[in-house]
Amino acid sequence: MLKLESIHTFYGPIEALKGIHVEVKQGEIVCLIGNNGAGKSTTLMTVSGILKPKSGDILFEERSIRGIAPHRIVELGISQVPEGRRIFPKLTIRENLEMGSFSARDDFATSLEMVYALFPILKERSKQLGGTLSGGEQQMLAIGRALMSRPKLLLLDEPSLGLAPIIVSKIFKTIKEINREGVTVLLVEQNARAALKLSARGYVLENGRVSLEGKGEELMNNELVRKAYLGE
């Protein structure tokens, strides 16, 4: 479904991605793990069109999307849930969800009921301002907003960041459920253990390069991964 081929992305003179190759097959959950500054979030922002690669190519369903505007990439079927959630705090839950539906392929009511089925608390509090929600509820809203466009591929950037363990467990169960419903997922996550357990395959990024790749279980059992990312 998605293929990054020798992608080089820069922040000014600083090369953040140094020729990475990443592939995501339809129906998979694939994770990117690595330390802060390794290039994980940069990878997602490059896929979603927020950052433009200097060289290489990005193929989505065998079509190059390099250089395409972010809103067009959403229309093609890719939605991103950014790090830090980035909801609209002064809009209600329903209004936040409406903001995510501008390019939906299905009607608004159908998409809304799908999100409410995943996150019943959002339905209960639909008139509540986004800024008054807890961190976990805001993360649910951010994921729900991304799902309103009915994406084929969901990009998730640090969905567990700053959340209590019990909420993290709920978020990861929901990601699995979203995937079972047919949405392919590319996941960036500091919680390497949870990410690898959830994912079919994973990539380890170090200093803008892919240093390891493999099945989630294989990486869980890799001695270098266990020492560097699993605290063992």
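Any read-out appearing in this document is the output of simple, stated calculations on the displayed coordinates, not a laboratory observation. Since we're looking at a predicted model, the values are computed, not measured. Don't worry about glycine lacking a Cβ; one is built from the backbone with ideal geometry, like all the others, and counts go over all protein chains shown.
Between 0 and 90 degrees, rounded to the nearest ten: what's the tilt of helix 108-118 against the longest Cα principal axis of the chain? So the inclination is approximately 70 degrees.
For the residue pairs Lys127/Lys152; Lys123/Lys170; Lys3/Lys152, the C-alpha atoms sit more than 20 angstrom apart in Lys127/Lys152.
Between Glu15 and Phe88, the simple spin-label model (points 7 angstrom out along Cα→Cβ) gives 4.1 nm. Placing a label point 7 Å from the Cα of Leu224 along the Cα-to-Cβ line, the residues of region 1-33 whose backbone N sits under 14 Å from it are 33. When Tyr116, Tyr11 are sorted by how many other C-beta atoms sit within 10 angstrom of their C-beta, beginning with the fewest, the order is Tyr11, Tyr116.
Round to the nearest 0.05 the FRET efficiency obtained for Glu113 and Glu61 when R0 = 22 Å and r is the Cβ-Cβ distance. Efficiency computed from Cβ-Cβ geometry: 0.25. Stokes-Einstein diffusion for the chain, with the hydrodynamic radius set to the Kirkwood value over Cα pairs and evaluated at 20 °C in a medium of 1.002 mPa s, equals 120 µm²/s.
Dividing the mean sequence gap of close Cα pairs (under 8 Å, 6+ apart) by how many residues region 99-232 holds gives a relative contact order of 19 percent. For the chain, averaging the sequence separation of C-alpha pairs within contact (under 8 Å, six or more residues apart) and dividing by the residue count gives a relative contact order of 27 percent.
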